[in-house]
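Before any comments, here is the structure.
The values are calculated or read from the model by the stated rules, or taken from the named source; none is laboratory data. Computed from a predicted model, the values in this text were never measured in an experiment. Cβ placement follows ideal geometry from the backbone for every residue including glycine, while neighbour counts extend to all protein chains displayed. Ligands, DNA and RNA are stripped out before the accessible areas are found, and what is left, the full protein with its side chains, is counted by its heavy atoms. Shrake-Rupley method; radii C 1.70, N 1.55, O 1.52, S 1.80 Å.
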Amino acid sequence: MNPPGRPVSLRARAESGERLVGALLRMPAEELTEMLAVAGFDFVLIDAEHGPADVIPLRQHIAVATMHGVPVIVRVGEDDPGAILRVLDQGAQGVLVPHIDDAAAAAAVVAAAHYPPVGTRGFATYSRAGRFGETAPEDHRDWYLRNTLVLGMIESPAGVSAAAAITAAPGLDGIMIGPADLAASTGPDDLPLPEATAVVNRAVAAAGKMRMDIVGTPAAAAAAFDDGARLVVYNLASSLMTHLRGLRAAAD
C-alpha cells in the first residue's frame, strides 16, 4: 500500500528492473526541482554534500517534488547519522552517502537509515514523512523498512579494494562510483580509473545490488543502462552550463 501523499516507491521501481533517470541538483532552487518533475524525471538527487545542507530549504525541495509524485534521494555528508535521520524525516525516500571505504562504513549507513530491528534510526511519526502523525506508527515503520533506498559511494582506491565486502553489506541497496574523487585520490600504484570502475561494477553485479551512474549525455545514459546500471543521474549544473555555453556561442 502506498500512503496518501507519498510517491510510488523508487526502490520498488528499481527492483522491478525499470531504467530510472534522475538529476543531481544543488540547492537552493526549488523551481528546478519542479521543472525536473514536470519534465518527467523519475527522481531527484539533492546534493547536501557539495551543496547547501540547510534543512528548511531541503524540506521545501522535497515537498515540491512530493507534490508532483517524484521521489527524492539526498546525498548527505559522510559519517553523519543525524543528517540521514533528518532528511528521511522530511520525506526523502533514500540517502546517498559518500566515501564508503569499507564494510563497517556501509553497515553504519544502513543502521542510520533504518528503523529497528534493521537499524537504529530514531522513530517518529510527527515529521513530514509520517504525515504529521496521521500515519499509523506500524504503517509508517513498515513502509520505510521496505522502501528506504540506501546507497553508498565508492570514491577511493581503498573503497575499490573493499568493493566486494562493501557490496555484500546487508541492507545496502546499491553503489554509485564518485569518478571525480576516485580520479583525484588515485596514485601511480593504484588501478587506473577505468579498471577500478570495472572492479566496482563487477562487485555490485555479483552482489545483486543496484548500480547508479552519473552521466553527462543521453548516449552515456543509454550505455550505462546497457552495461547494468539501474539508475542514472545527470549533473544538472554541468548540463545547464553546457546548454548556456551553446546558447552564447550561437551569437558569435
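Could you grab the pairs with beta carbons closer than 6 Å, sequence gap of 6+ or different chains, first residue in region 91-106 and closer than 27 Å to residue 135 by Cα, second one in a helix (DSSP H, G or I) and open to solvent by less than 10 Å² (accessible area, probe 1.4 Å)?
As it stands, the answer is 91/62; 91/129; 92/62; 93/10; 95/84; 95/113, since those pairs meet every condition given.
If you go through region 126-158, how many residues are open to solvent by less than 40 Å² (accessible area, probe 1.4 Å) and outside any helix (DSSP H, G or I)?
Matching residues across region 126-158 total 12.
Kindly indicate whether any position in region 49-71 is under 23 Å from residue 119 (Cα atoms) and in contact with a Leu (Cβ under 7 Å, 6 or more places away or on another chain).
The answer is yes, given that some residue of region 49-71 is under 23 Å from residue 119 (Cα atoms) and in contact with a Leu (Cβ under 7 Å, 6 or more places away or on another chain).
Please state which of the following conditions residue 112 fails to meet, knowing it meets all the rest: (1) open to solvent by less than 20 Å² (accessible area, probe 1.4 Å); (2) touching a Ser or Thr at 6+ places or on another chain (Cβ under 8 Å); (3) in a helix (DSSP H, G or I); (4) farther than 29 Å from residue 161 by Cα.
Unmet for residue 112, out of (1) open to solvent by less than 20 Å² (accessible area, probe 1.4 Å); (2) touching a Ser or Thr at 6+ places or on another chain (Cβ under 8 Å); (3) in a helix (DSSP H, G or I); (4) farther than 29 Å from residue 161 by Cα: (4).
Report yes if residue 34 is at pLDDT 90 or above, surrounded by fewer than 21 Cβ atoms within 10 Å (Cβ to Cβ), assigned to a helix (DSSP H, G or I) and of a type in the set (Asp, Glu), otherwise no.
In short, yes.
When you scan region 43-67, how many residues do you find that are open to solvent by 30 Å² or more (accessible area, probe 1.4 Å) and either assigned to a strand (DSSP E or B) or in contact with a strand residue (DSSP E or B) (Cβ under 6 Å, 6 or more places away or on another chain) (or both)?
Qualifying residue count, region 43-67: 1.
Within 20 Å of residue 230 (Cβ to Cβ) and of a type in the set (Asp, Glu) - does that describe any residue in region 38-46?
Within region 38-46 (the criterion being within 20 Å of residue 230 (Cβ to Cβ) and of a type in the set (Asp, Glu)), the answer is yes, since at least one residue qualifies.
When you look at residue 100, is it within 16 Å of the chain's Cα centre (by Cα) and at pLDDT below 95, yes or no? Break it down stepwise before answering.
On the way: within 16 Å of the chain's Cα centre (by Cα): yes; at pLDDT below 95: no.
No: the conditions fail for residue 100.
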